[in-house]
Amino acid sequence: MAESPLSQMTIAVLGGTGPQGRGLARRFAAAGLNVVLGSRSAERAEAAAADLAEATGGTVTGADNAGAAARGDLVLLVVPFDGHAELVAELAPVLTDKIVVDCVNPLGFDKQGPFVLDVPEGSAAQQAAALLPASRVVGAFHNVSAVLLEDPAVASIDTDVLVVGEDREACDLVCDLASAIPGVRGVFGGRLRNAGQVEALTANLIAINRRHKIHAGIRITDL
Ligand SMILES: NC(=O)c1ccc[n+]([C@@H]2O[C@H](COP(=O)([O-])OP(=O)(O)OC[C@H]3O[C@@H](n4cnc5c(N)ncnc54)[C@H](OP(=O)(O)O)[C@@H]3O)[C@@H](O)[C@H]2O)c1
């Protein structure tokens, strides 16, 4: 990581008190990256950050979502789809010129299992892009399991992370961020208009997980 520009950056994880945000933050901190967790409650973020700093020996701090977004060079959105648009709209000024990584899957659950919610903009990532015209919005980390990310006994995670976006440099950086997690490879997966399928694929993975009692990931072959 020493030669990557990521080593000079702060990675903010909004919604960083939930399983997915905590899991990603754990892996980034373990890779030696500077991480700040965001939450609607600064106290909750600080408590989760202290736990992760102790567990990883890395640099993890906490703040409210606006404070974490302000400190981040890369800002990950790791909140439920329910609160996504509201949070993004509220933080638009502080996210200006930043790389914003949308990790949100617009999914619902009923008796038949997971299903994809209709998003007027086409996907959660496109919704963020519409609300953040002055930010560099990238979609990533949709298909990686929080259970695996959070499990300290899992040394390496056998999955690719599809990275979608309009900004080549931002996508390359987020591919590097994904690849900082042992076992994971970041792979450019197309422009933002192709984010919907990546988000939706998580419904299939959850169905596979439930059937086989596993934590499935994806791999791109011949690459
Ligand atoms: N869990 C997985 O395995 C997984 C895998 C891939 C992708 N994802 C995606 O990652 C995102 C987070 O997943 P998760 O399982 O960690 O979700 P979660 O636990 O339900 O939510 C994460 C955090 O978001 C904050 N939050 C909750 N409701 C909010 C609202 N209305 N507005 C703003 N913030 C809110 C909460 O933190 P505070 O109360 O501290 O603010 C919560 O701890 C989801 O979009 C999910 O689709 C999850």
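Gly122 passes every criterion in (1) small (Gly, Ala, Ser); (2) on the phi < 0 side of the Ramachandran plot; (3) in a loop (DSSP other than H, G, I, E, B); (4) crowded, with 17+ Cβ neighbours inside 10 Å apart from (2). When residues in the stretch 181-199 are screened for being buried (at least 20 other Cβ atoms within 10 Å of the Cβ) and either closer than 22 Å to Asp73 by Cβ or among the aliphatic types (A, V, I, L, M) (or both), 6 of them pass. Per the listing Leu132, Leu74, the residue uniquely in contact with a helix residue (DSSP H, G or I) (Cβ under 9 Å, 6 or more places away or on another chain), closer than 20 Å to Ile181 by Cβ and more than 9 Å from the ligand (Cβ to nearest atom) is Leu74. Out of Ala146, Ala129, Ala92, one residue alone is under 14 Å from the mean Cα position of the chain (by Cα), surrounded by 15 or more Cβ atoms within 10 Å (Cβ to Cβ) and of a type outside the set (Val, Ile, Thr). It is Ala146. Residues of the stretch 7-21 that are in a loop (DSSP other than H, G, I, E, B) and away from the ligand (no atom under 11 Å from the Cβ): Met9 alone.
Of the residues making up the stretch 72-82, just one is closer than 20 Å to Thr202 by Cβ, buried (at least 16 other Cβ atoms within 10 Å of the Cβ) and not aliphatic (A, V, I, L, M), namely Phe81. The selection criterion, being in contact with a Cys (Cβ under 9 Å, 6 or more places away or on another chain), of a type outside the set (Gly, Ala, Ser) and more than 10 Å from the ligand (Cβ to nearest atom), holds for Val138. In the stretch 22-38, the residue that is nearest to Glu150 (Cα to Cα) out of those that are assigned to a helix (DSSP H, G or I) and within 16 Å of the ligand (Cβ to nearest atom) is Gly23. Of all residues in the stretch 1-31, those satisfying the criterion of being in contact with a Ser or Thr (Cβ under 7 Å, 6 or more places away or on another chain), free of Cβ contacts under 8 Å to residues at least 40 places away in the same chain and not hydroxyl-bearing (Ser, Thr, Tyr) are Ala29, Ala30.
Figure legend. Inter-residue proximity from the stretch 137-158: first residues over 20 Å from Ala195 (Cβ atoms), second residues more than 8 Å from the ligand (Cβ to nearest atom) and assigned to a strand (DSSP E or B), beta-carbon distance below 6 Å, spacing 6+ or different chains. Indicated pairs: Ile157/Val184.
Here, each number is a calculation from the coordinates, and none is a lab measurement. Note that the structure is a prediction, hence the values are computed from the model and not measured. No Cβ is skipped: glycine too gets one built from the backbone with ideal geometry, and neighbour counts run over all protein chains shown.
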